[in-house]
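These notes are about the structure you will find just below.
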Amino acid sequence: GQQLNQSPQSMFIQEGEDVSMNCTSSSIFNTWLWYKQDPGEGPVLLIALYKAGELTSNGRLTAQFGITRKDSFLNISASIPSDVGIYFCAGQLRTGTASKLTFGTGTRLQVTL
Amino acid sequence: EAQVTQNPRYLITVTGKKLTVTCSQNMNHEYMSWYRQDPGLGLRQIYYSMNVEVTDKGDVPEGYKVSRKEKRNFPLILESPSPNQTSLYFCASSYKQGGVHTEAFFGQGTRLTVV
């Protein structure tokens, strides 16, 4: 299947700093999604992007769907301790009636006080 | 409360002993899917279902079966589990917006160990 390159793999930042992570693909996607996963839990959807070039915010989170449809980034502003977790990007490809979601390998975020 | 419920949360079984992991959603969603999560590999789609009686393979379907007899339930069946199916499994349910299914709700996961 398709593969997504997500970077960085992990980040150690101080509380209050801004965070940026991104995903790139060799193929285009129709939709980009960003999730957060806490230990022992399932992923939680943060932001969904449906159009190339779309820029969407959800509180301190901002994500963009790249113009080429092959990349997306997620920014977190003014990080707080509860931002700790693993962030996943996912690209959705729809062909006819079929729909497949491909996940990146995740960015582990650690926030120090 | 909108929920995706998986059972069991933890399961240890022996090679070859058939098992079923149940998944149920209370949001009347058409689209449901199963993933496995392994270290370093992220989440990989096993099977998905666009609606009742409509299922299709994801990226790693070998060794798994699914059924979708009613909208709310989407069980994952391992007919003859093997140790390489030891993993963390997630069921997901999608809402539809503008004709697009968005996988917004995940269950809490089932940690399966096959010995």
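The values are calculated or read from the model by the stated rules, or taken from the named source; none is laboratory data. Being a predicted model, the structure only gives us computed values, none of them experimental. Heads up, the Cβs are rebuilt from the backbone with ideal geometry, glycines too, and the neighbour counts pull from every protein chain shown.
Here are a few things to note about the model shown:
- Residues in the stretch A:61-92 that are charged (D, E, K, R), within 17 Å of A:Gln37 (Cα to Cα) and touching a Ser or Thr at 6+ places or on another chain (Cβ under 6 Å): there are none.
- Considering residues of the stretch A:91-100 that are more than 10 Å from every other protein chain (Cβ to nearest Cβ) and surrounded by fewer than 20 Cβ atoms within 10 Å (Cβ to Cβ) only, the residue farthest from B:Gln37 (Cα to Cα): A:Gly96
- Any hit, the stretch A:46-55, residues being surrounded by fewer than 17 Cβ atoms within 10 Å (Cβ to Cβ), away from chain B (no Cβ under 11 Å) and within 27 Å of B:Gln108 (Cα to Cα): no
- Selected residue [away from chain B (no Cβ under 14 Å) and under 10 Å from the mean Cα position of the chain (by Cα)] from A:Phe88, A:Phe103, A:Phe73: A:Phe73
- Top-ranked residue of the stretch B:68-108 - restricted to ones that are hydroxyl-bearing (Ser, Thr, Tyr) and surrounded by 16 or more Cβ atoms within 10 Å (Cβ to Cβ), ranked as nearest to A:Arg94 (Cα to Cα): B:Thr102
- Residue in the stretch B:9-30 that is within 9 Å of chain A (Cβ to nearest Cβ) and at pLDDT below 95 present: no
- Enumerated strands (runs of 3 or more DSSP E) restricted to chain A, each holding at least 2 residues that are over 21 Å from B:Leu43 (Cα atoms), touching a residue at least 40 places away in the same chain (Cβ under 8 Å) and in contact with a helix residue (DSSP H, G or I) (Cβ under 9 Å, 6 or more places away or on another chain): A:107-112
- For the stretch B:24-31, the count of residues that are in a strand (DSSP E or B) and free of Cβ contacts under 8 Å to residues at least 60 places away in the same chain is at least one.
- Meets criteria (more than 10 Å from chain B (Cβ to nearest Cβ) and surrounded by fewer than 20 Cβ atoms within 10 Å (Cβ to Cβ)) for A:Ile67: yes
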